[in-house]
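Trainee: I have a structure I would like to understand better, so I am pasting it below and will then ask my questions one at a time.
The values are calculated or read from the model by the stated rules, or taken from the named source; none is laboratory data. Everything numeric in this text was worked out from a predicted model, so none of it was measured. For neighbour counting, all protein chains shown are included, and Cβ atoms are generated from backbone atoms with ideal geometry for every residue, glycine included. With ligands, DNA and RNA removed, areas are computed over all heavy atoms of the protein, side chains included. Shrake-Rupley method; radii C 1.70, N 1.55, O 1.52, S 1.80 Å.
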Amino acid sequence: PEINEIMLSDINSMGEITATQKKLNIREDFFSKTNFPFIQKGDLVISIKGTLGKVGYIPKELINTVPGPSLCILRMNGSGPIKAEYLFQYLLSNIGQKMFFASSQGGSIPFMAIDDLKNFPIPIPTLEEQNKAKKISKRSRELVESIENMQAELDECITSGWLQLNKDFSTKYSKKDKSKK
């Protein structure tokens, strides 16, 4: 069977993971004996080694997908008081990021123990506050999409502008060469 593996590079500019690049082929006998921690819709994926504190949100079902070696899954209890979108925003905030770095260990390659992650103090917001967080998330998505569209337009302008300049340059100098003959 083929398994998809989430890497840090799969986290897009919105912090979402909608697809994976790395695919692994696993022997059938190994696959049937192993209890892989498969990703589910609504999970958070957190980097606990190396690039500490990078957080990704899984907005849709990703079939046969597991976290990469430096990542762990944070799965919300469906009946719990905190929604995944809120926790995602909280962990990305300055406060959340400071908690990651305060809990880090190691020298050249920082890492975080799972027990430290489990003991993070998380404020429990009201449902109204979580709905505000959802609106902020929606507005953030709109802004990122707008920036990405402007970046694509800028790239196209630069590319087509260069191509036009190159064409004008080639035409200008090919005419000079013909007039010298």
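Trainee: Kindly establish whether PRO59 is in contact with a Lys or Arg (Cβ under 8 Å, 6 or more places away or on another chain), in a loop (DSSP other than H, G, I, E, B) and in contact (Cβ under 8 Å) with a residue 24 or more places away in the chain.
Mentor: The answer is yes for PRO59.
Trainee: Do we find that LEU44 is under 24 Å from ARG139 (Cβ atoms), touching a residue at least 12 places away in the same chain (Cβ under 8 Å), under 13 Å from the mean Cα position of the chain (by Cα) and open to solvent by 60 Å² or more (accessible area, probe 1.4 Å) in this structure?
Mentor: no
Trainee: Kindly list the number of the only condition in (1) over 28 Å from GLY96 (Cα atoms); (2) open to solvent by less than 50 Å² (accessible area, probe 1.4 Å) that fails for GLU28.
Mentor: (2)
Trainee: How many residues are basic (Lys, Arg) and farther than 23 Å from PHE111 by Cβ when one looks only at the stretch 23-76?
Mentor: Going through the stretch 23-76 one residue at a time, the tally reaches 5.
The rows are residues; the columns are (1) open to solvent by 30 Å² or more (accessible area, probe 1.4 Å); (2) closer than 17 Å to SER47 by Cβ; (3) in contact (Cβ under 8 Å) with a residue 40 or more places away in the chain; (4) in a helix (DSSP H, G or I).
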site	(1), (2), (3), (4)
GLU85	yes, no, yes, yes
LEU117	no, yes, yes, yes
PHE120	no, yes, no, no
ALA133	no, no, yes, yes
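Trainee: Looking at ILE6, ILE11, ILE39, which is the one that is under 15 Å from the mean Cα position of the chain (by Cα), buried (at least 16 other Cβ atoms within 10 Å of the Cβ) and free of Cβ contacts under 8 Å to residues at least 40 places away in the same chain?
Mentor: ILE39
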